1. Being more than 26 Å from A:Met435 (Cα to Cα), free of Cβ contacts under 8 Å to residues at least 60 places away in the same chain and in contact with a strand residue (DSSP E or B) (Cβ under 9 Å, 6 or more places away or on another chain): is that true of A:Asp382 here?
2. Only one of B:Pro450, B:Pro455 is outside any helix (DSSP H, G or I), modelled with pLDDT of 95 or more and either touching a Pro at 6+ places or on another chain (Cβ under 8 Å) or more than 23 Å from B:Ala321 (Cβ to Cβ) (or both). Can you tell me which?
3. All but one of (1) farther than 22 Å from A:Val410 by Cβ; (2) in a helix (DSSP H, G or I); (3) of a type outside the set (D, E, K, R) hold for A:Gly331; which doesn't?
4. Can you name every residue in region A:319-378 that is among the hydroxyl-bearing types (Ser, Thr, Tyr), surrounded by fewer than 22 Cβ atoms within 10 Å (Cβ to Cβ) and in contact with a strand residue (DSSP E or B) (Cβ under 6 Å, 6 or more places away or on another chain)?
5. Within region B:179-189, does at least one residue satisfy the condition of being farther than 28 Å from B:Pro243 by Cα, more than 9 Å from chain A (Cβ to nearest Cβ) and at pLDDT 95 or above?
6. Somewhere in region A:298-312, is a residue modelled with pLDDT under 95 and either in contact with a Phe, Trp or Tyr (Cβ under 7 Å, 6 or more places away or on another chain) or under 17 Å from A:Val410 (Cβ atoms) (or both)?
7. Please state which of the following conditions B:Leu399 fails to meet, knowing it meets all the rest: (1) crowded, with 21+ Cβ neighbours inside 10 Å; (2) within 12 Å of chain A (Cβ to nearest Cβ); (3) modelled with pLDDT of 95 or more.
There are 2 protein chains.
Amino acid sequence: MPNDTAIAALVQLLGDRLTTSEADRRLHGQNETYYPNTPPDAVAYPDSTTEVSQILKICHDHTCPVTAYGAASSLEGQHLALRGGISLDMSRMNRVLSIQPEDLTCTVQPGLTRKQLNEELRATGLFFSVDPGADASIGGMAATRASGTTAVRYGTIRDNVLAVEAVMADGTVIRSGSRARKSATGYDLTHLMIGSEGTLGILTELTLKLHGQPECITAATCRFENVGQAVACVIATIQCGIPMARIELLDHMMVRGFNTYANAGLPEEPHLFLEFHGAPGAVAEQMASFEEIAQDSGARGWRTATTTEDRNALWAMRHNAHYASAALGPGKHIWPTDVCVPISHLAEAIAQSQADAKRLNLTATIVGHVGDGNFHAGLSVDPNDADEMARAHTFTHTLGETALRLGGTVSGEHGIGIGKQDFMTVEHGPALTYMRAIKQAFDPKGILNPGKLLPPEFLQEAAE
Amino acid sequence: MPNDTAIAALVQLLGDRLTTSEADRRLHGQNETYYPNTPPDAVAYPDSTTEVSQILKICHDHTCPVTAYGAASSLEGQHLALRGGISLDMSRMNRVLSIQPEDLTCTVQPGLTRKQLNEELRATGLFFSVDPGADASIGGMAATRASGTTAVRYGTIRDNVLAVEAVMADGTVIRSGSRARKSATGYDLTHLMIGSEGTLGILTELTLKLHGQPECITAATCRFENVGQAVACVIATIQCGIPMARIELLDHMMVRGFNTYANAGLPEEPHLFLEFHGAPGAVAEQMASFEEIAQDSGARGWRTATTTEDRNALWAMRHNAHYASAALGPGKHIWPTDVCVPISHLAEAIAQSQADAKRLNLTATIVGHVGDGNFHAGLSVDPNDADEMARAHTFTHTLGETALRLGGTVSGEHGIGIGKQDFMTVEHGPALTYMRAIKQAFDPKGILNPGKLLPPEFLQEAAE
C-alpha cells in the first residue's frame, strides 16, 4: 500500500499507539449519518503536541493523508479518512491544561469533550457555553465551527475560542491569539483555523471563553397552531432584544418523533423550547416580555420548568432529536442537513422545506436554533434504497438553493465535509479561488483531510 | 516617477477624480499622531466597486502601491502611503445600501462613517454599536479591527461584520459571508480580511449586525483612591457577569487632562465611567449589583447621568481623551499606544506602565476599555525632540513586552500599521510564516498597503 512506509515509521514513533487492526479501523470509519463505513489505513493515538508534530512530519515526508478524529459526531463526514492514510485520534489529548476563573478562560486539549469540560468547571461557577447536542470534542467543534442551542445568547464556537495551538502540514507548531479578550495584531489565523475542518492544520490546544453560571435559569415551552406563528413569535422576540439563552423550534413531525422515541406526550403541533438566564429580576422581566409576544403570536400551552431536573429532562429530549427523528423510520438512517437564513426569511425557508419533503415523499423532522435563523431537517432514509437516497439528495440540494436564494448559507453549523462540496462554488464564487490559494500555501502536498471542504477542481469548472 | 504610467491610466479612467495636487496629497499624508506627513503620489476617488476593481487592475499591471484611505483616524499610520503610489480615498463610497430592520442588519459602503450610519438608523430603533471614539469610516474600522467603549457588551467590529465584498490585488471582486447570523461553509475569509489593514484587499461593501436601542440607558461615574481599587472593581464586575454596556477607566493624569481641556472639575483621582443598557428593571438590577461591588472596592463620589444630555456630555468628554491628553503638553503631539491583557493582569500592567512613564520622565495619560483588559497610554511628545521620542519608543516597547509577558497582545484595537511591526515576530513566532504565505498568495506583487503590518523580512531574521 502507498502509505505502508509512513505507517512503518509511525509504528517506530508510537509503538502500540499506532494500530492497523480491522476493528479499530472500522470503528474510525463509522459515522452518525448515511455515509458508508470508511476505514483509514491506520489509527494513531498521539499523547502530545510534540507527537502530533512528529506524526505530521512523517506523513508530510511520505505524502500520507492525515484526518483528525475527535468524538466522531460530525454530521457531514468530516472525520472520515476518505483517501485512506492516518486517522489521528485525539482522545488521549483530553486534559484541561489550566483554568483562570478570574479571567473567565481555560486552556484545553482538543480531545476533551464539552461535557467533560463542564464537569471539570462545575466548582468554579463557570461554564463553557457551546452546546451542539452531541458530546462533541472541543477540537472537533472548533474544526467544524459548531454552535448549537445556546449560540443565540453566548455565540458559536467561533466567538468562544480566544487562541489556538495548531500543528501545520509539515509539522510546524504555531500559536495564534492570546488569553486577552481581543487583539488587532496581524491576520486572524485563529478564525481561519476554526471551521477549516482539519484541512489547514491540526488543533492541539484551545483557549476558551467561559461564562458565569447564571444566577437564575428558567426553561419554558409553548406551542402554536402552525410554524408561521411560531416563527413570527421568534422574530418579534429577537427584534425586541430579549436576550434569550435558548429558543428552539420543533415542527409537528419532530414532536411526533419525541412522542415516539421518549413518550413525551406532547400535542403534535409546532413547539418552542425556551430558556432564560440572568439575575432573578431580569429573568422575570424577560419571561414577561416573551409571554406577551407569544400570546400576541397565538401561543398556547405555556409551561415552565424551573427545577434542574425538569430543565435537564427538557434539553435531554431536545438533544435526542437525532434519535427521535430516527424513531419515525425504524431501521432507517438519518440524513441530517442544516441551513441558516436571515431571520426574516425563516418562515419561508421552513415552509418551503416542509413542502419539498411532502413533494418528495420523505419523512422529515424540522428542529432548529431559530433565534439565529438556523434550522435542521432530519430525513429518514434507507441507504440501500437508491431512489429514496436520490430524493433525499434532491431535498438537501433544494434546501441549500433555497437558503442561498434567501440570502443565507448552505450550512449554519454542520459544515461542508463530504456532503456539501458541490455548493461551495455557488455560495462563494470567486472567493473560492482565495480559499484554494490558502490551502495550497498551507498544505501544498494536500495531506490534511484530503477530499473535504474544497470541491474537486472539476466541480468548480463544471459550475462556472 | 515609477508610478507615472499607472497614474496616467488612472486619469483616463477617473478624470478629475484622480488628483496629484500638492494640497490633496499633503492632506492624505496627514495623521492624528506623530508620523511625519507622508503624501501619496496621487489620490483616487472611486465611485463604485467596479471602479475600485478597475483601479486595482491598473495598479496591479503597473505594480503601483495602493493604500486605502477612510477617515484618517487610524492611530498606527495604517492609511499613510508609505511607499507612495495611490491613496484610495473611499469617501465618495459612503452610502447605506440597505437596511433590514427585521433582521437587525444593514449593508453599507466603506466610506460611510459610524456617526453617519447611526444618523440614518435613528428612525429604525436600531443602532450600530462599535464606537472607537473618532468618527471613523466603517471600512477603516473593519480594516483595522477597531473596537472601543461598547465592545465589552456588543463586541468589536469583528463580531459585528457578517459579510464583506472586497476587491483583491488584481481587481477580482469577492464576497464572503452572508446576511445569515452564522455559517459553517468554508474558510473564514471575512474575518481574515478584518484587521488585515488593507494589505490583502480593499473592502467595498460591509454587511453589519445592528442592535436594538436599549429601552433604558443610564450612565454613571465613580472614583477611587488608586488604580488598583478601580481595577479590582472592574474585575469583580466582569466576573459577576453584569452585562456592562461600557466600563471605562481613567487614571488621575487622564482626569487632569479633562480638567485642563474641558474644565471638567473632577477630583484628580482614578475614575470609572459606566453605562448600563436594558429594560428598566434589568438596568436597576445591574446598577444595584455594580454599586455593591464598587462600594466593596472603595468607590466614592457615585454620580448618575440619566438624561440624554448628561450622558452625551459624559461620553463626548471621554471621546476627547486624545485632545485632553494633548492639552497636558501644549504644542506637543500625542503618541497613542494600546495593549490588551487578561483582566487578571490589568492592575499589574497599568501599574507597570505608570511606573515606566515616571522612570522615563514622560507625561502619560491612561484610559481604557478595561472590561476587555484593553487600555491606552497617551504620551505627550515633541517629534523634534529626539531624546523624548526615543524615551516614548522605549515606553511603547516596554509596554508591549509587558503585555506579552502577561499573556496579552501588543494591541487590542489600534493595530500594527507602521508602529508595531517589530513586535510581530515576538508575538506570533512561527505563525508569522503563515501570515506571510497568505500575503504572498493574495498579493504576490505586494501592491496593497506595502510596508504595513508584516515586518520587513530582515526584522524577522534579526529576531530569530
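The values are calculated or read from the model by the stated rules, or taken from the named source; none is laboratory data. Note that the structure is a prediction, hence the values are computed from the model and not measured. Note that each Cβ is placed from the backbone with ideal geometry, even for glycine, and that neighbours are counted across all protein chains shown.
1. Numbers: more than 26 Å from A:Met435 (Cα to Cα): yes; free of Cβ contacts under 8 Å to residues at least 60 places away in the same chain: yes; in contact with a strand residue (DSSP E or B) (Cβ under 9 Å, 6 or more places away or on another chain): yes.
So A:Asp382 passes the test.
2. On the way: B:Pro455 fails: modelled with pLDDT of 95 or more.
Within the list B:Pro450, B:Pro455, the selection yields B:Pro450.
3. With (1) farther than 22 Å from A:Val410 by Cβ; (2) in a helix (DSSP H, G or I); (3) of a type outside the set (D, E, K, R) applied to A:Gly331, the lone miss is (2).
4. Restricting attention to region A:319-378, the residues satisfying the condition of being among the hydroxyl-bearing types (Ser, Thr, Tyr) are A:323, A:325, A:337, A:344, A:353, A:363, A:365.
Narrowing further to those that are surrounded by fewer than 22 Cβ atoms within 10 Å (Cβ to Cβ): A:323, A:344, A:363.
Selection gives A:Thr363 alone.
5. Looking for residues that are farther than 28 Å from B:Pro243 by Cα, more than 9 Å from chain A (Cβ to nearest Cβ) and at pLDDT 95 or above, one finds none in region B:179-189, hence no.
6. Checked region A:298-312: no residue is modelled with pLDDT under 95 and either in contact with a Phe, Trp or Tyr (Cβ under 7 Å, 6 or more places away or on another chain) or under 17 Å from A:Val410 (Cβ atoms) (or both).
7. Single failed check for B:Leu399: (2).
Yes or no, residue by residue, for (1) over 24 Å from the mean Cα position of the chain (by Cα); (2) assigned to a helix (DSSP H, G or I):
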{"residue": "B:Asp387", "(1), (2)": "yes, yes"}
{"residue": "B:Thr396", "(1), (2)": "no, yes"}
{"residue": "B:Leu404", "(1), (2)": "no, yes"}
{"residue": "B:Gly407", "(1), (2)": "no, no"}
{"residue": "B:Ser411", "(1), (2)": "no, no"}
{"residue": "B:Asp422", "(1), (2)": "no, yes"}
{"residue": "B:Arg436", "(1), (2)": "no, yes"}
